[in-house]
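Report on the following structure.
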Amino acid sequence: MSTSAKPWGKLAYYGVGSFACYAALFMNEREVLATFTRTDGAYWLLPVIVAFVISYFHGGFTGCFWEVLGVQAKKPVPKAVEKEEIEE
C-alpha cells in the first residue's frame, strides 16, 4: 500500500473526535453522572446516545489506525459454484 493511499486525514478526524468525546465526558463527570442518573423523563436515552457517538468516533479511529499500520482483514475466498446449484 502506498503512502498516499493511507487515510491520514480520516485518522486525524476520528482521533480528534474520539479525544474530544472522552475529554468532555471525563471533564464533566459530575454533571454527566447527575444528569444520566435522573429517573424522570427520557434521561435514560442520554447514556445510549453518548455510547453510540463515542462508539462511532472510537471505532472509526481504530479502523483507520490499523489501516495506516497496514493491517488488513483476510478476505474470504469465494466458494466455487456447482453447476447444479445454478440450475436450481
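List the helices (runs of 4 or more DSSP H) inside region 1-83, counting only whole elements, that have at least 2 residues being touching a residue at least 60 places away in the same chain (Cβ under 8 Å).
Details: elements: 8-27, 29-36, 45-69.
Ranges flagged: 45-69.
Condition check ((1) modelled with pLDDT under 95; (2) of a type in the set (Gly, Ala, Ser); (3) closer than 14 Å to Phe57 by Cα) across all residues:
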site	(1), (2), (3)
Met1	yes, no, no
Ser4	yes, yes, no
Leu11	no, no, yes
Gly15	no, yes, yes
Phe19	no, no, yes
Ala23	no, yes, yes
Met27	no, no, no
Val32	no, no, no
Thr39	yes, no, no
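Please determine, by comparing only the residues of region 50-81 that are small (Gly, Ala, Ser) and over 8 Å from the mean Cα position of the chain (by Cα), which one is modelled with the highest pLDDT. Reasoning before the result, please.
Initially, region 50-81 is screened for residues small (Gly, Ala, Ser), giving 51, 55, 59-60, 63, 70, 73, 80.
Within this subset, residues satisfying the condition of being over 8 Å from the mean Cα position of the chain (by Cα) are 51, 70, 73, 80.
Values: Ala51: 97, Gly70: 91, Ala73: 83, Ala80: 77.
Restricting to residues being small (Gly, Ala, Ser) and over 8 Å from the mean Cα position of the chain (by Cα), the top hit is Ala51.
The values are calculated or read from the model by the stated rules, or taken from the named source; none is laboratory data. Predicted model, so just to flag it, every value in this text is computed and none were measured. Here Cβ is always computed from backbone atoms with ideal geometry, including for glycine, and neighbour counts include all displayed protein chains.
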